[in-house]
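Working notes for the structure below.
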Amino acid sequence: MMTEITAPSRQHEKYDRLIATAKKQPPLATAVAYPCDETSLKGALEAGEEGLIKPILVGPQDKIKSVAEAFSLDLGGIEIIDVPHSQAAAEKAVELVRAGKAELLMKGSLHTDEILAEVVKRDTGIRTGRRISHVFVMDVPGHPHTLFITDAAVNIAPDLAAKHDIIQNAIDLHVGLGLGTPKVAILSAVETVTSSIPSTIEAAALCKMADRGQITDGVLDGPLAFDNAISPEAARIKGIKSPVAGQAQILVVPDLEAGNMLAKNLTFLSRADAAGVVLGARVPIILTSRADNLRTRMASCAVAMLLRHSQIAKQPIGA
């Protein structure tokens, strides 16, 4: 007789706290670009039902209604803006943000590049002086901190200037979520600066930029290897004395490939959930994957919603 193997218990209390905090705030109008499959449409509607967002569905109306009917999803009271295809949906969703009719942007079933292309357009987009970047907000069972991993989805091989913005975006998110001043580890393969590994030199430069006030509101250290960034014991064994080593909350990866592999390792081997948000535009962009479960989708909306409320609170009256 075969013995049934049961998965270990998954505890995601960090996401639960984020979602509970977000529910205390009023929902924000959210332009959902091309929600034309079950996953994206259901995710937007469920986030609306939970009071995290007020979805405005942008896409081919007949197709959205067809998906809703096929999967028994209720569109009652939901605004739908009819446009013919995914590119038009991305364009219109961004336009709603520019016009102040939406405070958040959410990716539907179109490709990420398609929506970001509209976001960064010089004359009609919602870009700022800051580079666009992505953060995975990870709830790793058994780990004491919510882990931010950046950038694992947008910037492929960022240079020093890009990493400056990537780090500042992540710090601003951490602070905006009410999580306090973050400890930021700039990752490489080793914890010593060596000319044969360029990422270690960039890590050292970024730490000096923080010393000079060019990066603010976070405590930086690097280069650090992954083990001594998150494990106090590994840091102790290596003799690393640092306020960041062993207790990092933001992990800055050298490039997208490293970040993507790290995030997926944590997801599939450590049973972590990975909420996703794109930063650096005028408003946060909710970026979910077809593989995301309901808790992760809700967490992505909660993260974006809390950050946007924080940004609105800082805006001058009348801005």
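The values are calculated or read from the model by the stated rules, or taken from the named source; none is laboratory data. Computed from a predicted structure; not experimentally measured. Cβ placement follows ideal geometry from the backbone for every residue including glycine, while neighbour counts extend to all protein chains displayed.
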Practice prompt. Working carefully through the options Ser289, Ser310, find the one that is touching a Gly at 6+ places or on another chain (Cβ under 8 Å), in a helix (DSSP H, G or I) and closer than 19 Å to Leu173 by Cβ.
Written response: Ser310
Worksheet, complete the sentence: Val277 fails exactly one of (1) surrounded by fewer than 21 Cβ atoms within 10 Å (Cβ to Cβ); (2) within 17 Å of Asn155 (Cβ to Cβ); (3) of a type in the set (Val, Ile, Thr), namely (1)
Practice prompt. Return yes or no: is Val154 assigned by TED's automatic domain parsing to the domain that holds Arg308, over 22 Å from Leu52 (Cβ atoms), at pLDDT 95 or above and not small (Gly, Ala, Ser)?
Written response: no
Item to complete: Considering only the range 11-127, give the helices (runs of 4 or more DSSP H) lying wholly within it that have at least 2 residues that are touching a Pro at 6+ places or on another chain (Cβ under 6 Å).
Response: 38-49
Discussion item. Being surrounded by fewer than 13 Cβ atoms within 10 Å (Cβ to Cβ) and not assigned by TED's automatic domain parsing to the domain that holds Ala90: is that true of Gly176 here?
Written reply: no
Practice prompt. Name the residue, out of Leu251, Leu220, Leu224, that is closer than 14 Å to Thr192 by Cβ, aliphatic (A, V, I, L, M) and either crowded, with 18+ Cβ neighbours inside 10 Å or in contact with a Gly (Cβ under 7 Å, 6 or more places away or on another chain) (or both).
Written response: Leu224
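Yes/no matrix, rows are residues, columns are (1) at pLDDT 95 or above; (2) closer than 14 Å to Ser188 by Cα:
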residue: Val219; (1), (2): yes, no
residue: Leu224; (1), (2): yes, yes
residue: Asp227; (1), (2): yes, yes
residue: Lys238; (1), (2): no, no
residue: Ile250; (1), (2): yes, yes
residue: Val253; (1), (2): yes, yes
residue: Met261; (1), (2): yes, yes
residue: Ser270; (1), (2): no, no
Worksheet item: From the list Arg130, Arg122, which residue is in contact (Cβ under 8 Å) with a residue 12 or more places away in the chain, closer than 28 Å to Leu160 by Cα, surrounded by fewer than 17 Cβ atoms within 10 Å (Cβ to Cβ) and of a type outside the set (Val, Ile, Thr)?
Response: Arg130
Worksheet, complete the sentence: Within the range 135-167, residues in contact with a strand residue (DSSP E or B) (Cβ under 9 Å, 6 or more places away or on another chain) and within 15 Å of Asp217 (Cα to Cα) come out as Asp165, Ile166, Ile167
